[in-house]
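This report refers to the structure that appears directly beneath it.
The values are calculated or read from the model by the stated rules, or taken from the named source; none is laboratory data. These figures come from a predicted structure and were not determined experimentally. Every residue, glycine among them, receives a Cβ derived from its backbone with ideal geometry; neighbour counts consider all protein chains shown.
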Amino acid sequence: MTASHDHPSAHRPSGQHPLRLGTRRSPLAMAQAEETRDRLCAAHGWEHDAIRIVPVTASGDKVLDRPLAEIGGKALWTKELDAWLLDGEIDFAVHSLKDVETIRPAPIAIAAILPREDVRDVLVGASSVQALPAGARIGTSAPRRAAQLLHARPDCTIVPFRGNVATRLGKLAAGEADATLLAAAGLNRLGESGVGHPLDAEEWLPAPGQGAIAIECRADDAATQALLAAIDHAPSRHAVFAERALLAALGGNCHSPIAVLTRAEGDTLSLRAALFSPDGAERIEGEIRFAAGDPEAPGRLADDLLARAPQAITAHFSGR
Ligand SMILES: NCc1[nH]cc(CCC(=O)O)c1CC(=O)O
């Protein structure tokens, strides 16, 4: 034991009990939980045992044979952790922001966004989209990735691919597809940064919220919110909240193929978005520049995109 034995308050959140951090069990989720614990302990000068990581099995991890969009969407990743949070079994929860629904239950608050990782998609199995062999089979269950790929390469076919990162790489190695697309952020956080070829984010726009970690707690738990504020990264929060506001204003859901890229230039943000028809045949794009934190700008971009989009695209967005 270190000096914390004699002076617990200097090394613990608020006395004797560790804070309980809820997470999914996948290797990526556990890596994100450890990063969160490390950052929070460093920010407050706590020992590691000030935070206890509590793994929870999410329903999205139990059903692996059907596309996520078909079995209930993103709530499958948050439902169990939400219940544990609201029941007081955990004090806060960590999520890939990309997997968190745009509209959250009122008693739950996003209290911090960690510094965003690499936002790019990585192509595994070929050096570039252009280099894919004619008629290649691409393993992905993400409507955005499927539409983007088919837009660039209508000769390719899409093979459903679910499961965690290791499972998908295993399916690829077993020959179930010729190539797959993964988030660079997930690979980096798993220590697999050498896998595949990152795609230029300006040409191949990523998913809303990709690469960001969100930390949630109860909206009425001011003490935990104050502790989490110490690890919030405002530039990352402004960018991902703008992307989520765009998604909300478009009335998008997990079937909606939308890609976005946010760039910061000082206090000005540029938000670029592309909407696709699911078969990739249609694509429209728009961009808006605005002051970071302006809550109205993403909605204006959504209105502009929907006004110009053909029916094959608007059918997958309900607007606001
Ligand atoms: N849909 C699953 C998911 N959710 C978050 C990540 C990666 C990490 C991130 O984007 O922050 C992944 C895997 C992937 O898309 O390759």
Next item on the list: Name the single residue, out of those in segment 179-197 being touching a strand residue (DSSP E or B) at 6+ places or on another chain (Cβ under 8 Å) and surrounded by fewer than 19 Cβ atoms within 10 Å (Cβ to Cβ), that is nearest to Q148 (Cα to Cα).
Entry: H197
Next item on the list: Name every residue in segment 274-300 that is small (G, A, S) and in a helix (DSSP H, G or I), in order of residue number.
Entry: A297, G299
Notebook entry, point to check: So which residues in segment 26-38 are surrounded by fewer than 19 Cβ atoms within 10 Å (Cβ to Cβ) and within 19 Å of A229 (Cβ to Cβ), if there are any at all?
Noted result: E35, D38
Next item on the list: List the helices (runs of 4 or more DSSP H) that sit entirely inside segment 159-262 and contain at least 2 residues that are within 23 Å of D82 (Cα to Cα) and within 14 Å of the ligand (Cβ to nearest atom).
Entry: 234-250
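Just to be sure before I move on: is V100 within 11 Å of the ligand (Cβ to nearest atom), among the hydrophobic types (A, V, I, L, M, F, W, C) and modelled with pLDDT under 95 in the structure I sent? So that I can check it myself, show each step before the final result.
On the way: within 11 Å of the ligand (Cβ to nearest atom): yes; among the hydrophobic types (A, V, I, L, M, F, W, C): yes; modelled with pLDDT under 95: yes.
Yes.
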Margin query: Among the residues that make up segment 270-283, is at least one of them within 13 Å of the ligand (Cβ to nearest atom), outside the structural domain of V100 (by TED's automatic domain parsing) and under 29 Å from L306 (Cα atoms)?
Written below: no
Note to self: Let me confirm something: among P310, P295, which residue is more than 30 Å from P18 (Cβ to Cβ) and free of Cβ contacts under 8 Å to residues at least 40 places away in the same chain?
What the structure shows: P310
Check: Among the residues of segment 108-138 satisfying the criterion of being within 12 Å of the ligand (Cβ to nearest atom), of a type in the set (A, V, I, L, M) and touching a Lys or Arg at 6+ places or on another chain (Cβ under 9 Å), which is nearest to E202 (Cα to Cα)?
Finding: V124
Checklist line | Subset of segment 158-178 [surrounded by fewer than 21 Cβ atoms within 10 Å (Cβ to Cβ) and free of Cβ contacts under 8 Å to residues at least 24 places away in the same chain] | finding: V159, G170, A173, A174, G175
Next item on the list: List the strands (runs of 3 or more DSSP E) that sit entirely inside segment 70-157 and contain at least 1 residues that are buried (at least 18 other Cβ atoms within 10 Å of the Cβ) and under 16 Å from the mean Cα position of the chain (by Cα).
Entry: 92-96, 108-113, 121-124
Margin query: Condition check: within 21 Å of R37 (Cβ to Cβ) and without any contact (Cβ under 8 Å) to a residue 60 or more places away in the chain. Does A245 satisfy that?
Written below: no
